[in-house]
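All remarks here apply to the structure that follows.
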Amino acid sequence: MSNDTIDIASKELWERAKTIYLSTLFNEQEKSQAENYFSMITSVSVEGNVFLVRATNKFAADFLRDKYAGKLKSALDLAGGDKEQVIEFKEDERSRPAIIVPTYEPKPQPQYQSYAPTPAKPNQYISTLPLEENYTFEEFVQGASNSWAYAAAKGVAKHPGLKNSNPLFIHGGTGLGKTHLMQAIGNDLRKTNPQMSICYLTAETFLNEYINSLQTKDMSVFREKYRNFDVLLVDDIQFLQKGKQCQEEFFNTFNYLTTNHKQIVMTSDVAPKNLPALEERLISRFEGGMVQEIEAPGYETRLAILQKKAEGMTPSVPLSTLQFLAENIKSHVRAIEGALAKVHVTMQINPTQELTPEFLAFLLKDVIEKEQSMRNITLREIQERVARKYGVTVKQILSADRTQSLVTPRQLAMYISRKYSNKSLQEISKEFDKKHATIIHGVKTIQNRLDVDANLKNVLEEILHEFGYKITDNQE
Ligand code: ADP
Ligand code: MG
């Protein structure tokens, strides 16, 4: 066989393997994430005993290896690959980095200067809200759940205003470090580029200021102010959904700044495409830069974060205690920090207290119960609560009757089961006696409606409250 034939055969095998692997992912989010990562692959080939996958840069290759090597090897076997072959990931030397990574050093090029924002009015409005000193890159623990967002944020701090990462859009659940990363960019730039004017604010502040200036009729002052920054950091952009007119103003500011190579960074609790009340043109502008997600951290990262947060605490918190916290508190980093603070205060007040698992379980009873109550919740309980809330029966929820007054509670019960219980799609599908696709569709429908339907959101909140949970707690 010629080399070309081998390459074509391995490419086909690779395409089949990818299709097989993606078809095993039930979760849309996981799927689009995998597709995202796979788009970093530039070529595949077989070299001796090795199925070689090349990626845009070393960072991408390392990441793909860590996260997908085993799974892709199984998929290759299933697709008809040689079982003796091993899978390898390497940086594709010929390829230019597709994303900014910490090691990325753009070649000095004459036109680069023109990308560097010319300082506006220095330090005129450093920030509408002060930056938190501790929210730095050094204090941020990297892990698989956040490494892309971290790399992108570092890249922006190093070279603000570069086209391929402007705007940078970071999304993910609450308490997972979005604000921290965004402010780290601000803190870093203030050190490295003190002449730059940087503004950090939440979209809610932007909205409020916009409304105020409408009332006081000094719109031009407002407009001028936000066009004067070199770097605009807008936290929780989902709030912009509340104001249609304000979106127009933001759109104009956005265009003005990006056209002038000023950097914009935004965070949101969901991906741009899941911001249904935002204008289409804003969404496509957001997607035109770099979009990165932060996910809930796994055990190793949770422990590393705890170790970082516990550094320098006196008395020092024993490793076994940190491990206990990392094992038992999984939902988000803010909850983990809260638990650590509670343990530390207890140690200060009562230094002789032994930190046994029993004592810790007692001390952190509330937070642990909250985590467990949702994980152990049964699907039947969810169906019953939702049925009761809507004045229908569980039997009707499980029926195939497509009357709207039954479809909503049915889909809401599916949504809660999927987002707030630890049951798999298979289990949910069995318990609801519906196909996987029907469950996925139901969950999506509710997800979309929640953004625009305040009544539905209230009902959801009430039901979750009965389970001791809040709407923002579904990070696992
Ligand atoms: P979000 O904006 O996503 O709701 P925050 O950025 O406010 O979350 O993070 C909540 C808390 O968790 C902060 O105190 C932050 O320092 C901490 N945190 C989150 N992720 C990390 C991480 N990877 N490393 C260190 N601290 C983190
Ligand atoms: Mg935040």
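Quick rundown of the values:
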| quantity | calculated |
| --- | --- |
| Whole-angstrom gap from the stretch 358-409 to the stretch 171-185, using each part's C-alpha centre | 30 |
| Rounded accessible area per residue of the stretch 299-372, 1.4 Å, Å² | 54 |
| Inter-probe distance in nm under a simple model that places probes 7 Å from Cα toward Cβ, at Val86 and Ser23 | 3.0 |
| Sites Ser405 and His465, calculated FRET efficiency, Cβ-Cβ separation with R0 22 Å, nearest 0.05 | 0.45 |
| Label-to-label distance, nm, for residues given as Gln307 and Arg94 (7 Å Cα→Cβ offset) | 4.1 |
| In sequence order, calculated HN-Hα J values of the stretch 204-209 (Karplus, 6.51, -1.76, 1.60; Hz; x Gly/Pro) | 5, 4, 4, 4, 5, 5 |
| Whole-Hz ³J(HN,Hα) from phi, Karplus 6.51 cos²θ - 1.76 cosθ + 1.60, for the stretch 189-195, glycine and proline x | 5, 5, 7, 7, 10, x, 7 |
| Kirkwood Rh in Å, taken over the stretch 355-428 so that all alpha-carbon pairs contribute | 13.8 |
| Hydrodynamic radius by Kirkwood, which averages 1/r over all alpha carbon pairs of the stretch 404-452, in angstrom | 10.6 |
| Stretch gain in nm, segment Asp453-Val221, where the contour uses 0.36 nm per residue and the Cα spacing is subtracted | 80.1 nm |
| Percent accessible area from carbon and sulfur atoms, the chain, protein chains only, probe 1.4 Å | 51 |
| Ellipsoid semi-axes in whole angstrom, largest first, where each is sqrt(5λ) of the Cα gyration tensor of the stretch 379-466 | 17, 14, 13 |
| Two-site FRET efficiency, Ala9 against Tyr37, from Cβ-Cβ distance with R₀ of 30 Å, rounded to 0.05 | 0.80 |
| Helix-derived mean residue ellipticity, 222 nm - over the chain, DSSP H n ≥ 4, -39500 (n - 2.57), to 500 | -17000 deg cm²/dmol |
| Pairwise FRET efficiency - Gln323 versus Ile211, Cβ, R0 = 56 Å, nearest 0.05 | 0.70 |
| Of Lys273/Lys330; Lys178/Lys225; Lys31/Lys423; Lys163/Lys308; Lys71/Lys365; Lys154/Lys217, those spanning more than 30 Å from alpha-carbon to alpha-carbon | Lys163/Lys308; Lys71/Lys365; Lys154/Lys217 |
| Distant alpha-carbon pairs in the stretch 299-372 (separation over 18 angstrom), percent | 30 |
| Accessible area per residue in Å² at 1.4 Å probe, computed on the stretch 3-95 | 54 |
| Partners for Lys370 among aspartates and glutamates (Cα-Cα distance below 18 Å; same-chain residues under 8 apart left out) | Glu327, Glu337, Glu358, Glu381, Glu461, Glu462, Glu466, Asp473, Glu476 |
| Using distinct alpha-carbon pairs, which all enter the 1/r mean, Kirkwood radius of the chain in Å | 25.1 |
| Whole-number accessible area per residue in Å² for the stretch 147-293, which is evaluated in the context of all protein chains at 1.4 Å | 35 |
| Segment Thr346-His436, extension gain: residue separation times 0.36 nm, minus the distance between their alpha carbons | 27.7 nm |
| Quarter of Cα convex hull surface for the stretch 147-293, i.e. mean projection, nm² | 7.9 |
| Positive-pole candidate from Leu322, Gln411, Ile198, dipole of the chain, charges at beta carbon | Gln411 |
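The values are calculated or read from the model by the stated rules, or taken from the named source; none is laboratory data. Predicted, not measured: the structure shown is a model, and the values here were computed from it. Ideal geometry is used to build each Cβ from the backbone, glycine not excepted, and the neighbour counts take in all protein chains shown. Heavy atoms of the whole protein, side chains included, go into the accessibility calculation; ligands, DNA and RNA do not. Shrake-Rupley method; radii C 1.70, N 1.55, O 1.52, S 1.80 Å.
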